[in-house]
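J.: Take a look at the following structure, please.
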């Protein structure tokens, strides 16, 4: 036994059904600092785990509207004030002709936010995670399902938590070093 | 009733069972993955090509990469020649100021559209069959847009002045003309390229993680580890990830329509007879999807054969794509007819002359190649026998590619070569442009084959998620739908668990969730 406190416990499950079942038990036991890992998003598991809805759409909305408004005003300024020039008999402030670029920049700023926001909100890139030390965890991106409970959790108790995971259908329970 | 779908037994040979045409299931939908696959065997099937040691790359693939690399190298040389000499090496003349440069650009950008359609529009419509073809359709999009971008960036003459296309602050206080369709095009194509890359990469991250976790080779661990950003499949991450994917899809769907609409504005906003028509935006979009799906088939049919992916890209996928080709091909045929009708009905003699000249003028041959490839070919797909015949589908997909290249040639060149002033009429003959076109093909296939070699060509995590085993209520083949104890917790989005129709190979699955 090492003297340092473990980072947490890792339990392996064989299929989405047992994972879902185990998650509902871990949730019912009142744990807070825990996570489930799967090779694909398991349907309905977010509700079982009580994961709050992501705020990503709001970020996209805010940046999208900002980018969109900026581009409309920028075009009006560049064409109408900064270097006013009549082209093709159109008025200086020819909003219909500004629509395509306006639209494309709206899409671009929204998509960049969705892309970057996804990684930032998830705390990625994160080159190292304690679970990566586990050999079994290498199959999380293949065909195995995992639950990890951190020792930081107030309800964490190495024996009781281990029993809970084992009783919930885990085929393997490991301690993760910090 | 006795002819239930369960009566068809799939052969056990993975080389054959993907090609078996199953009868329509009586209810629900056909299983998306054929054969007795679990999650692990899907991973093995998809990763096999990527994980082969470099020296053991299949010979066919090696040869293909070498050939395409030669084409790409030739393209590099051609670009150098163009850079040195200028566009005088082309056959463009006074009325025909736009020729193969723009034809190739529109051709390639159009091909890209099927990838986005598959990844975004079919995603939003919950067409789950897209999962096995979306990855390489998206890759096709990106490489096609790279080719399109190089065509259009290289046609400007003084290539080193291309940065003037972007609104970069400069000492002269000049800005690009935002009222010009050509400037719209700069924004549309660049946005499209960037968003396609973001979308593609987002989808790739979980699969890169799979390759990272499976390999023992140091450089691969670093390479895929770098690309996978430390992805660990956390459910909390998946939730944000799926939302991001959904948002990207929701923006890409109108984006794909807008891009080709704006490409068509390059023509339609001008006043040239043959270009100045309001039907252009929808007609171009339909044509783009038509040509793109043909290119997906051209790539998918050999890929599934050679990479052993028939269990995930089944005959059903090919048939579905053929149906899309039939629909969009018919729209294109309708647009051809409508253009002629409007030319006659408008009573405008210039418009009328242009269209008669297309049919019977000096470029009659281009027009008739276009008509026969684009109007007749897709109509053959009304027959299920042809839709589900892989060889014929492959040949017809090539015809569509040819026809769609000629469509752009007809639109661009035949409209220009007869100017309003007969004294300036001229006939365009290409000089070195064939190498331009071949070079872009070299570049395209070089990138595509490298992608096939090193990146997972099937979106593994997505395919796994649509397998019956992925359902939290699935308890093994032969079990009735279980999980009623969970129904109360999240019943509103509950998909009925699949029940399998008896025989080996699992011919039918009923998914009640949609009805």
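J.: Determine, yes or no, whether residue B:262 is assigned to a helix (DSSP H, G or I) and crowded, with 20+ Cβ neighbours inside 10 Å.
T.: Here the answer is yes, as residue B:262 does meet what is asked.
J.: Please go through region A:23-44 and pick out each residue that is in a helix (DSSP H, G or I) and either within 11 Å of chain B (Cβ to nearest Cβ) or surrounded by fewer than 18 Cβ atoms within 10 Å (Cβ to Cβ) (or both). Break it down into steps so the answer makes sense when it comes.
T.: So in region A:23-44, the residues in a helix (DSSP H, G or I) come out as A:23-28.
Listed by number, the residues that qualify are A:23, A:24, A:25, A:27, A:28.
J.: Then there is this: Which is over 26 Å from residue A:143 (Cβ atoms) and either free of Cβ contacts under 8 Å to residues at least 40 places away in the same chain or in contact with a helix residue (DSSP H, G or I) (Cβ under 6 Å, 6 or more places away or on another chain) (or both), of A:30, A:64, A:44?
T.: Values: A:30 fails: either free of Cβ contacts under 8 Å to residues at least 40 places away in the same chain or in contact with a helix residue (DSSP H, G or I) (Cβ under 6 Å, 6 or more places away or on another chain) (or both); A:44 fails: over 26 Å from residue A:143 (Cβ atoms).
A:64 is the lone residue from the list that is over 26 Å from residue A:143 (Cβ atoms) and either free of Cβ contacts under 8 Å to residues at least 40 places away in the same chain or in contact with a helix residue (DSSP H, G or I) (Cβ under 6 Å, 6 or more places away or on another chain) (or both).
J.: Let me ask something additional. In this structure, does residue A:69 turn out to be more than 8 Å from chain B (Cβ to nearest Cβ) and without any contact (Cβ under 8 Å) to a residue 24 or more places away in the chain?
T.: Here the answer is yes, as residue A:69 does meet what is asked.
J.: Let me ask another. Look through region B:186-209, keep the residues that are facing chain A (nearest Cβ under 7 Å) and farther than 18 Å from residue B:163 by Cα, and return whichever of them is surrounded by the fewest Cβ atoms within 10 Å (Cβ to Cβ).
T.: Within region B:186-209, the first condition is being facing chain A (nearest Cβ under 7 Å), and the residues that meet it are B:187-188, B:191, B:194-195, B:198, B:202, B:206, B:209.
From the residues that got through so far, the ones that are farther than 18 Å from residue B:163 by Cα too are B:195, B:198, B:202, B:206, B:209.
Details: B:195: 26, B:198: 21, B:202: 18, B:206: 25, B:209: 25.
Here the answer is B:202.
J.: Among the listed residues B:118, B:111, B:133, which satisfies the condition of being buried (at least 18 other Cβ atoms within 10 Å of the Cβ) and at pLDDT 90 or above? Give the derivation first.
T.: Working: B:118 fails: at pLDDT 90 or above; B:133 fails: at pLDDT 90 or above.
Unique residue meeting the criteria: B:111.
J.: Right, next: So which of B:289, B:392 ends up being more than 19 Å from residue B:103 (Cα to Cα) and in a helix (DSSP H, G or I)?
T.: On the way: B:289 fails: more than 19 Å from residue B:103 (Cα to Cα).
Answer to the selection: B:392.
J.: So how many residues does region B:417-451 have that are free of Cβ contacts under 8 Å to residues at least 12 places away in the same chain and over 23 Å from residue B:94 (Cβ atoms)?
T.: Result for region B:417-451: 0.
J.: Just to be sure, is residue B:270 modelled with pLDDT of 90 or more, closer than 25 Å to residue A:105 by Cβ and either more than 14 Å from chain A (Cβ to nearest Cβ) or in contact with a helix residue (DSSP H, G or I) (Cβ under 9 Å, 6 or more places away or on another chain) (or both)?
T.: no
J.: Check residue A:143 against each of (1) in a loop (DSSP other than H, G, I, E, B); (2) under 16 Å from residue A:38 (Cα atoms); (3) more than 7 Å from every other protein chain (Cβ to nearest Cβ) and name the one condition it does not meet.
T.: Looking at each condition in turn, residue A:143 falls short on (3).
J.: Across region A:76-103, which residue is nearest to the other protein chains (Cβ to nearest Cβ) among those that are in a loop (DSSP other than H, G, I, E, B) and under 43 Å from the mean Cα position of the chain (by Cα)? Walk me through how you get there before you give the answer.
T.: The initial filter retains those residues of region A:76-103 that are in a loop (DSSP other than H, G, I, E, B), namely A:83-94.
Next, from what is left, pick out any that are under 43 Å from the mean Cα position of the chain (by Cα): A:93-94.
Working: A:93: 11, A:94: 6 Å.
Only one residue fits best here, namely A:94.
J.: Looking only at region A:118-139, which residues are surrounded by 22 or more Cβ atoms within 10 Å (Cβ to Cβ) and more than 7 Å from every other protein chain (Cβ to nearest Cβ)?
T.: Within region A:118-139, just A:137 meets the criteria.
The values are calculated or read from the model by the stated rules, or taken from the named source; none is laboratory data. Treat the numbers as computed from the prediction; the structure is a model and nothing was measured. Quick reminder, even Gly has a Cβ in these numbers, built from the backbone with ideal geometry, and neighbours come from all protein chains shown.
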